[in-house]
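The values are calculated or read from the model by the stated rules, or taken from the named source; none is laboratory data. Small disclaimer: the values here were computed from a predicted structure and weren't measured. Heads up, the Cβs are rebuilt from the backbone with ideal geometry, glycines too, and the neighbour counts pull from every protein chain shown.
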Amino acid sequence: MYERLFSPGRIGRVEIKNRVVMAPMGTGIAAPGGGVNDDIIAYYEARAKGGVGLIESELCRVLDGAGAAEPCQLAARNLNDVAGLARLTDTVHKYGTKIFFQLHHPGGQGSSAIGGEPIVAASAVKTSSEAPRALEVDEITKIESAFINGAILTKMAGADGVVLHGAHGYLINSFLSPYLNKRTDEYGGNLENRMRFLLEIIRGIREQCEGGFALGVRLSVEEFLGKEGNDLEESCRICERLEKAGIDFIDVSCGGIPGGNEVCATIEPGTYEQCWKRYMAAEVKKHVNIPVIAVCNIKEPDVAEQILEDGCCDFVGVARGHLADPEWCNKAQEGKAETIRKCIGCLCCFQEIINYRHVKCAVNPKLGREREFENPKHNGEGRTVAVIGGGPAGIEASLLLDRRGFHVVLFDTAKRLGGTLNVADKGVGKEKITRLVDGMIAQVSATDIELRMGEEAVVEKVKALSPCGIFIACGATALIPPIPGIKGKNVVTAEDVLMRRAQLKGDCIILGSGMTGLETAEVVLKAGHRTTIVDMLPEIGQGISFIVIFDIKRRLAEYGPIYILGHKVSEITESGVALVRVNDNEKVFVSSETIILALGVRPRQDVVKAFKTAFPDAHVIGDANRGARILEATQDAYGQAFVFES
């Protein structure tokens, strides 16, 4: 099984035990100010222990000041950084995993608030909230030396190689891209000049780091800027030149430059298909004779095996898949791929990082907290714990409690585990949610958890179990505010629509523009109904990742919905909805035959109250505690199950 995926490979003179590369991702858990700490070591150790062949590290700064990209990131600036990098390297080497540090300078994508200095780039082309200053030639030379020094330091630390981050609008990319490079000196203009900065770094590293030390470049081979930027054809010429310069591999990425017409290309939302950009790696591979790493939104080992079998690449990059499940490789190799916790593309991880918090994952509550959750107590001794509800929170708590040695009895009125995830997966392009639930069910099936499916948990029945603990994960119900007419025959909930229980008639109005409302709107629009989306907020999708909301807006635009924002509902009638504009109380009436409620959810307080009355020490988790995202549900459940003492 997965013969190609788990066959050994080679990059330069570095032997790698399989073809799986943990592609680079920011974490926000390294040392403040840059460097290695116990948390970042535990994070990488979990993935190495999980069987990955090669780790490409997160951003590793080579300079402070304008060279700092994140408050907490790895660093290779001076001799003070070597000991920490060596600890990290030694840790992953224990498991036969190799590590390449990703040397980086943010360029115009940096922030003076982080580095304390004005940001710099090849040219003064604005790509973020700040405009960079164009570098002087003597400054360019100093930064080249910093990259070379960074490679020397990581080699001193025992690393197997480095990858130069030349993608996503960062400093090296700002020289390579004609869209970002407007220089008229020897570092701008034609392709050879635009490559000069990168080639001089490569030459210096090759002169200083011999003895089998691998060197590669991560490239945005398609910037989605037409001829204003580097397209795939031009990038293949860049790759050919880089091979001649002596690099050992190409890491194929794309996009990442603000202004490009494919905002979602670098970090895709869940609606994007796996391997959608495989053609880029395949085209690069035609032009070079060095290994190609394909970063292709790969979530599942079957897909990874296929892309290798098709000859599109030599190694597959699995990035967020390793955030979701550090055991991705081991589970696949052991024939347990169905139990992999699969990334759903919700981008909670990315949203946390850009908000300067540590990385989190909706489906892996241990992410970034590996040390904190390293050794759960095994003190259940077969005592019974009842879990009321089989949604993501109930499942998460049950799995951990079972691992701790408790006899878990899980009640759910449905026939299938998953709770509201079995509603969420009915939206357009939400198949990854289905696969997540399938994986959770497979995990539960491999345990001793006693399932009471299709059975309502009532207090007397649970009391009969004499449980030592109760976890209430009964979920939430649709929020139905006291608006006149809201219980009319023409009013349905978003869940009714997604589950195909509602019979839609004529024009539709959706009240609420959160994630549920927008996903419901796409289903309704796709069915051919003229649709109006109403919200009292001034913008749709408040609190949703900007990449996810961009993707949703673009898809909805194909159908032409009507948006009425900044209005609240005063009344629902048989013929439509009466609205009041928030800022001036102007009244508006919108005609419609069907009204769809997507106004959020509220915890099932009746169930919570009944069980809390009978069991005062009961733990309330997930939507039963607070209506929120999958992220909060799983984190809440895992945390409470971890500290549970009967």
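Can you tell me which residue is farthest from Gly528 (Cα to Cα) among those in segment 575-607 that are touching a residue at least 24 places away in the same chain (Cβ under 8 Å) and touching a His at 6+ places or on another chain (Cβ under 8 Å)? First the steps, then the outcome.
Taking segment 575-607 and keeping what is touching a residue at least 24 places away in the same chain (Cβ under 8 Å), we get 576-577, 579, 582, 588, 590-604, 607.
Those still in the list that are touching a His at 6+ places or on another chain (Cβ under 8 Å) too: 579, 582, 588, 594.
On the way: Leu579: 24, Val582: 30, Val588: 25, Thr594: 13 Å.
Step by step, filter segment 575-607, then rank; the result is Val582.
Identify, please: which residue in segment 57-102 is among the β-branched types (Val, Ile, Thr) and under 16 Å from Gly33 (Cα atoms) and is, among those, surrounded by the most Cβ atoms within 10 Å (Cβ to Cβ)?
Narrowing segment 57-102 to residues among the β-branched types (Val, Ile, Thr): 62, 82, 89, 91-92, 97, 99.
When the remaining residues are screened for being under 16 Å from Gly33 (Cα atoms), the result is 62, 82.
Numbers: Val62: 29, Val82: 18.
The residue in question is Val62.
For segment 332-346, enumerate the residues that are among the charged types (D, E, K, R) and part of a loop (DSSP other than H, G, I, E, B). It would help to see each step written out before you state the result.
Step one: list which residues in segment 332-346 are among the charged types (D, E, K, R), which gives 334, 336, 338, 341-342.
Those that are among the charged types (D, E, K, R) and part of a loop (DSSP other than H, G, I, E, B): Glu334, Lys336, Arg341, Lys342.
If only one of Ala598, Ala618 is within 30 Å of Glu460 (Cα to Cα), touching a helix residue (DSSP H, G or I) at 6+ places or on another chain (Cβ under 8 Å) and surrounded by 13 or more Cβ atoms within 10 Å (Cβ to Cβ), which one is it? Even if it seems obvious, please write down each step before you answer.
On the way: Ala598 fails: within 30 Å of Glu460 (Cα to Cα).
Unique residue meeting the criteria: Ala618.
Only one residue in Ile293, Ile267, Ile247 is touching a residue at least 40 places away in the same chain (Cβ under 8 Å), in the same structural domain as Lys342 (by TED's automatic domain parsing) and within 19 Å of Arg194 (Cα to Cα). Which one? It would help to see each step written out before you state the result.
Values: Ile293 fails: within 19 Å of Arg194 (Cα to Cα); Ile267 fails: within 19 Å of Arg194 (Cα to Cα).
Checking each option against the conditions leaves just Ile247.
May I ask you to list the residues in segment 316-331 that are in contact with a helix residue (DSSP H, G or I) (Cβ under 8 Å, 6 or more places away or on another chain), outside any loop (DSSP other than H, G, I, E, B) and of a type in the set (A, V, I, L, M, F, W, C)?
Val316, Leu323, Trp328, listed by residue number.
One residue is enough: does segment 603-610 have a residue meeting the conditions over 33 Å from the mean Cα position of the chain (by Cα) and aliphatic (A, V, I, L, M)? Please lay out each step first, then the result.
Here is the first cut: in segment 603-610, the residues over 33 Å from the mean Cα position of the chain (by Cα) are 606-607, 609-610.
Okay, now just the ones that are also aliphatic (A, V, I, L, M), so 607, 610.
There is at least one residue in segment 603-610 that is over 33 Å from the mean Cα position of the chain (by Cα) and aliphatic (A, V, I, L, M).
Looking at the structure I just gave you, is Ile388 in contact (Cβ under 8 Å) with a residue 60 or more places away in the chain and not assigned by TED's automatic domain parsing to the domain that holds Glu574? Even if it seems obvious, please write down each step before you answer.
Working: in contact (Cβ under 8 Å) with a residue 60 or more places away in the chain: yes; not assigned by TED's automatic domain parsing to the domain that holds Glu574: yes.
Judged against the criteria, Ile388 is a match.
May I ask you to verify whether Asp310 is closer than 30 Å to Ile247 by Cβ and in the same structural domain as Met22 (by TED's automatic domain parsing)? Even if it seems obvious, please write down each step before you answer.
Details: closer than 30 Å to Ile247 by Cβ: yes; in the same structural domain as Met22 (by TED's automatic domain parsing): yes.
Answer is yes for this residue.
So in segment 569-599, with the set limited to residues that are among the polar types (S, T, N, Q) and assigned to a strand (DSSP E or B), which one is nearest to the chain's Cα centre (by Cα)?
First, pick out the residues of segment 569-599 that are among the polar types (S, T, N, Q): 570, 573, 575, 583, 585, 591-592, 594.
Now narrow it down to the ones that are assigned to a strand (DSSP E or B): 570, 573, 591, 594.
On the way: Ser570: 39, Thr573: 42, Ser591: 40, Thr594: 36 Å.
So, considering only residues that are among the polar types (S, T, N, Q) and assigned to a strand (DSSP E or B), the one nearest to the chain's Cα centre (by Cα) is Thr594.
Just to be sure I understand, how many residues within segment 174-210 are in contact with a helix residue (DSSP H, G or I) (Cβ under 6 Å, 6 or more places away or on another chain), among the polar types (S, T, N, Q) and not in a helix (DSSP H, G or I)?
1
Condition check: within 23 Å of Gly110 (Cβ to Cβ), in contact with a strand residue (DSSP E or B) (Cβ under 7 Å, 6 or more places away or on another chain) and hydroxyl-bearing (Ser, Thr, Tyr). Does Ser220 satisfy that? Break it down into steps so the answer makes sense when it comes.
Details: within 23 Å of Gly110 (Cβ to Cβ): yes; in contact with a strand residue (DSSP E or B) (Cβ under 7 Å, 6 or more places away or on another chain): yes; hydroxyl-bearing (Ser, Thr, Tyr): yes.
The answer is yes for Ser220.
Tell me which residues, restricted to segment 299-317, are β-branched (Val, Ile, Thr) and over 17 Å from Lys336 (Cα atoms). Write out each step before concluding.
Taking segment 299-317 first, the residues β-branched (Val, Ile, Thr) are 303, 307, 316.
Ile307, Val316 - these are the residues of segment 299-317 that are β-branched (Val, Ile, Thr) and over 17 Å from Lys336 (Cα atoms).
In segment 626-646, which residues are in contact (Cβ under 8 Å) with a residue 40 or more places away in the chain and assigned to a loop (DSSP other than H, G, I, E, B)?
Start the filter on segment 626-646 by keeping residues that are in contact (Cβ under 8 Å) with a residue 40 or more places away in the chain, which leaves 627, 629-631, 633-642, 644, 646.
The answer is Gly627, Arg629, Phe644, Ser646.
Can you confirm whether Ile298 is under 14 Å from the mean Cα position of the chain (by Cα), modelled with pLDDT of 95 or more and over 17 Å from Val548 (Cβ atoms)?
Working: under 14 Å from the mean Cα position of the chain (by Cα): yes; modelled with pLDDT of 95 or more: yes; over 17 Å from Val548 (Cβ atoms): yes.
Yes, satisfied.
Find the residue count for segment 630-645, including only residues that are touching a Pro at 6+ places or on another chain (Cβ under 9 Å) and either surrounded by fewer than 23 Cβ atoms within 10 Å (Cβ to Cβ) or among the charged types (D, E, K, R) (or both).
Step one: list which residues in segment 630-645 are touching a Pro at 6+ places or on another chain (Cβ under 9 Å), which gives 630-631, 633-639, 641-642.
Checking which are either surrounded by fewer than 23 Cβ atoms within 10 Å (Cβ to Cβ) or among the charged types (D, E, K, R) (or both) leaves us with 631, 636, 638-639, 642.
Summing the residues that are touching a Pro at 6+ places or on another chain (Cβ under 9 Å) and either surrounded by fewer than 23 Cβ atoms within 10 Å (Cβ to Cβ) or among the charged types (D, E, K, R) (or both) in segment 630-645 gives 5.
Which of the residues spanning segment 24-47 are in contact (Cβ under 8 Å) with a residue 60 or more places away in the chain and either within 20 Å of the chain's Cα centre (by Cα) or part of a strand (DSSP E or B) (or both)?
The initial filter retains those residues of segment 24-47 that are in contact (Cβ under 8 Å) with a residue 60 or more places away in the chain, namely 24-29, 38-39, 42-43, 45-47.
If the condition is that a residue be in contact (Cβ under 8 Å) with a residue 60 or more places away in the chain and either within 20 Å of the chain's Cα centre (by Cα) or part of a strand (DSSP E or B) (or both), then Pro24, Met25, Gly26, Thr27, Gly28, Ile29, Asp39, Ala42, Tyr43, Glu45, Ala46, Arg47 are the ones that fit.
Return the only residue of Val523, Val569, Val601 being touching a strand residue (DSSP E or B) at 6+ places or on another chain (Cβ under 9 Å) and under 23 Å from Met499 (Cα atoms).
After applying the criteria, what remains is Val601.
Only one of these conditions is not met by Met1: (1) among the hydrophobic types (A, V, I, L, M, F, W, C); (2) at pLDDT 95 or above; (3) over 25 Å from Gly256 (Cα atoms). Which number is it?
Against the list (1) among the hydrophobic types (A, V, I, L, M, F, W, C); (2) at pLDDT 95 or above; (3) over 25 Å from Gly256 (Cα atoms), Met1 comes up short only on (2).
From the list Ala337, Ala332, Ala319, Ala282, which one is modelled with pLDDT of 95 or more, closer than 15 Å to Val21 by Cα, of a type outside the set (Lys, Arg) and over 13 Å from the mean Cα position of the chain (by Cα)? Steps first, answer last, please.
Values: Ala337 fails: closer than 15 Å to Val21 by Cα; Ala319 fails: over 13 Å from the mean Cα position of the chain (by Cα); Ala282 fails: closer than 15 Å to Val21 by Cα.
From the options Ala337, Ala332, Ala319, Ala282, the qualifying one is Ala332.
How about segment 120-173: which of its residues are modelled with pLDDT under 95 and assigned to a helix (DSSP H, G or I)?
None - no residue of segment 120-173 is modelled with pLDDT under 95 and assigned to a helix (DSSP H, G or I), so the list stays empty.
Looking at this structure, is Phe644 under 30 Å from Val359 (Cβ atoms) and over 24 Å from the mean Cα position of the chain (by Cα)?
Working: under 30 Å from Val359 (Cβ atoms): yes; over 24 Å from the mean Cα position of the chain (by Cα): yes.
Here the answer is yes, as Phe644 does meet what is asked.
Would segment 249-262 turn up any residue that is part of a loop (DSSP other than H, G, I, E, B), under 22 Å from Cys348 (Cα atoms) and among the hydroxyl-bearing types (Ser, Thr, Tyr)? Lay out the reasoning, then the answer.
Kept after step one, since they are part of a loop (DSSP other than H, G, I, E, B), are these residues of segment 249-262: 254-262.
Checking the rest, the ones that are also under 22 Å from Cys348 (Cα atoms) come to 254-258, 262.
Keeping just the survivors that are among the hydroxyl-bearing types (Ser, Thr, Tyr) gives none.
Within segment 249-262, none of the residues are part of a loop (DSSP other than H, G, I, E, B), under 22 Å from Cys348 (Cα atoms) and among the hydroxyl-bearing types (Ser, Thr, Tyr).
Kindly provide the set of residues from segment 19-47 that are out of contact with any Gly (no Cβ under 8 Å at 6 or more places or on another chain) and surrounded by fewer than 23 Cβ atoms within 10 Å (Cβ to Cβ), ordered by number.
Met25, Gly26, Pro32, Gly33, Asp38, Ile41, Ala42, Glu45, Ala46
Any residue in segment 408-422 that is over 17 Å from Ala442 (Cβ atoms) sitting within a Cβ distance under 6 Å of a residue that is part of a strand (DSSP E or B)? List the pairs, counting only those 6 or more apart or interchain.
Val409/Ala386; Val409/Glu450; Phe411/Ile388; Phe411/Arg452
Considering Gly560, Gly622, Gly627, Gly543, which residue is at positive phi and either outside the structural domain of Glu522 (by TED's automatic domain parsing) or in contact with a Pro (Cβ under 6 Å, 6 or more places away or on another chain) (or both)? Working first, answer last.
Working: Gly560 fails: either outside the structural domain of Glu522 (by TED's automatic domain parsing) or in contact with a Pro (Cβ under 6 Å, 6 or more places away or on another chain) (or both); Gly627 fails: at positive phi; Gly543 fails: either outside the structural domain of Glu522 (by TED's automatic domain parsing) or in contact with a Pro (Cβ under 6 Å, 6 or more places away or on another chain) (or both).
Just one listed residue meets the conditions, Gly622.
Name the one entry in Glu495, Glu456 that is among the charged types (D, E, K, R) and not assigned by TED's automatic domain parsing to the domain that holds Lys612.
Working: Glu456 fails: not assigned by TED's automatic domain parsing to the domain that holds Lys612.
Only one candidate qualifies: Glu495.
Pairs, please: C-beta under 7 Å, at least 6 apart or cross-chain, first residue assigned by TED's automatic domain parsing to the domain that holds Lys98 and in segment 215-239, second of a type in the set (Phe, Trp, Tyr) and surrounded by fewer than 24 Cβ atoms within 10 Å (Cβ to Cβ)?
From residues that are assigned by TED's automatic domain parsing to the domain that holds Lys98, the pairs are Glu223/Tyr179; Leu225/Tyr179; Glu228/Tyr179; Gly229/Tyr179.
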